[in-house]
Amino acid sequence: MLTRRNAILSAAALFGGAWLYRHLRPQPEHRLGRQPGFWVWYTQPSAVRIRSGILASSVARSTDGGGETILTRHEGGAVGEPVILGKSKHLDDHDQAALLVRVKDGQVLAFFCHHSDNRFFVAASLVDDPKSAADWSKPVDIALQLGGSEYTYAQPVEMGDGTIYLFLRARTVDSLSLHYTKSTDGGTTWKLAKRVLTGQRPYFCVARNGPTRIDIACNDGHPNAEQPPNSLYHFYMEMDGAGGEAFRASDGRNLGDLPLTPGNDLIRVWDGSTPAGESSIWQVGIDAKGHPALLYAVFPERDADHRYRRALWTGDRWDDSEICPAGPTFADASAGEFYFTGGCCFDLDDIDIVYASRKAGERRQIFRMETRDGAGWKERQLTWSALDCARPYLPIGTRTLLYGEISAYRHYVDYEAQIVALPVE
């Protein structure tokens, strides 16, 4: 009897089992969880591990055509009812929440705002395993405590002593740039935001590195704005033990008073003025030795040729290599969105593994990329979707990769997409 299994085995003998396994194996659709909406990249973490699964944020279209900042719980492929944290008149993927699981009690803090709005909200779960709207407090606007305006791109980090640092883009004085604030009471009250960088809209990513240090990577500014070509820089913040912070270059040199100017004060990892193109940071990871690693994209042709790279600090220099080509922008280049790369992320438990969205045929698919020498990268395709797959993210402590599956993306306020949760090895 010629069963499907026997047919595949016979074909494998003729054409090679490895090819068939890669291309004909059934995809585990029944194991995938999906939630509506999409997410911007520079609001992180976009998903976290909670006691019974994963909690993820996205921005979904509301029934009146606006946007909803939602939280959705994933557990073994099952997806719970979305919890609506906030609503906006506009669908804008920047409005997602950044999530932090508080160490002392396992409760979740959700930080969100409306893109470049003058309000900034924090909502707290009332339990360590939130499953419904009843498990969440009403969002509190902390904008007056921060003392700025035009907020977006929240990135919270909790340190070893329980201090919560919040990095975000905000406007104070005359600069729309990277700022930070902190809370020493679990997120109830916050200090005035301090400006970290000069410039207009420099993009940034942060990562905790031990109990007292936060590594930071940034660019000069927005790639479409008027400033020098976007190079890539690294520095770090260290708690000084007396309630303050010191900012240091990659090599430990004290950088002095804030704000800092990337091109003058920081160690440059990638030179955006060369023909190899400008850069855009994607993520900061930490290796087993405590050395930072930077995952980023470069643009030899701003709308047509994007490439992923990794830079690893060796202790005295940055060791840099290309991972793979990414393809062109996935947004509408005619609207001026040249730099919307499909995106990539570290496996933060092993920074030699990267999940990357790259062009494969007509669509962008998710690939697992791995290196053991920092030079060559082996790839394995994980998705075979009929839609573009972009902006992958692997929450710390999980083996569930989340990414966007995009039906259409004309602009960050005009898209149709869903977030997909895929088990990975």
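Only the coordinates and a few stated rules stand behind these numbers; no lab work does. Everything numeric in this text was worked out from a predicted model, so none of it was measured. Cβ sites come from the backbone with ideal geometry, for glycine too, and all protein chains shown count toward neighbours.
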(message) For segment 335-417, take the convex hull of the Cα atoms, compute a quarter of its surface area, and give me that in nm², please.
(response) 6.3 nm²
(request) State whether segment 147-264 is rounded, prolate or oblate according to the following rule on the C-alpha gyration tensor (a ≥ b ≥ c being the square roots of its eigenvalues): a/c under 1.5 gives rounded; otherwise a/b larger than b/c gives prolate, and the remaining case gives oblate. (result) oblate
(request) Please name which of PRO130, SER116, GLY343 has its Cα lying farthest along the dipole of the chain towards the positive end, using unit charges on Cβ (Lys, Arg +1; Asp, Glu -1) and the Cα centre as origin. (result) PRO130
(request) Averaging sequence separations of C-alpha pairs under 8 Å and six or more residues apart, then dividing by the length of segment 63-197, give the relative contact order as a whole percent. (result) 16 percent
(message) Run the paramagnetic zone check for ALA408: 7 angstrom along Cα to Cβ, then residues of segment 53-95 with backbone nitrogen under 17 Å.
(response) 60-67, 91-93
(request) Over segment 319-372, calculate the relative contact order: mean separation of alpha carbon pairs under 8 Å at least 6 apart, over the residue count, as a percent. (result) 26 percent
(message) Report the Cα-based extents of the chain along its three principal axes, largest first, to the nearest Å.
(response) 76, 52, 43
(request) Along Cα→Cβ, 7 Å out, is where each label goes; now give me the distance between the ones at LYS359 and GLU416 in nm to one decimal. (result) 2.4 nm
(request) Only Lys, Arg, Asp and Glu count, each charged at its Cβ (+1, +1, -1, -1), so figure out the dipole size of the chain about its Cα centre, rounded to 20 debye. (result) 960 debye
(request) Could you size up the charge dipole of segment 83-215 around its Cα centre, putting +1 on the beta carbon of Lys and Arg and -1 on that of Asp and Glu, and report it in debye to the nearest 20? (result) 320 debye
(request) Could you tell me which of the pairs LYS89/LYS138; LYS182/LYS378; LYS131/LYS194; LYS289/LYS378; LYS131/LYS289; LYS138/LYS194 are separated by over 30 angstrom between their Cα atoms in the structure shown? (result) LYS182/LYS378; LYS131/LYS194; LYS131/LYS289
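Per residue Cα convex hull volume for segment 114-174, in cubic angstrom?
Considering the Cα atoms of segment 114-174, their hull volume per residue is 112 Å³.
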(message) I'd like the projected area of segment 189-337, averaged over all directions, using the convex hull of its alpha carbons. Report it in nm² with one decimal.
(response) 10.4 nm²
(message) Which one, ALA98, LEU192, ILE70, is farthest towards the positive end of the dipole of segment 62-212 when Lys and Arg carry +1 and Asp and Glu -1 on their Cβ?
(response) LEU192
(request) For segment 272-425, restrict the atom set to alpha-carbon positions and state the Rg and Dmax in Å. (result) 15.2, 45
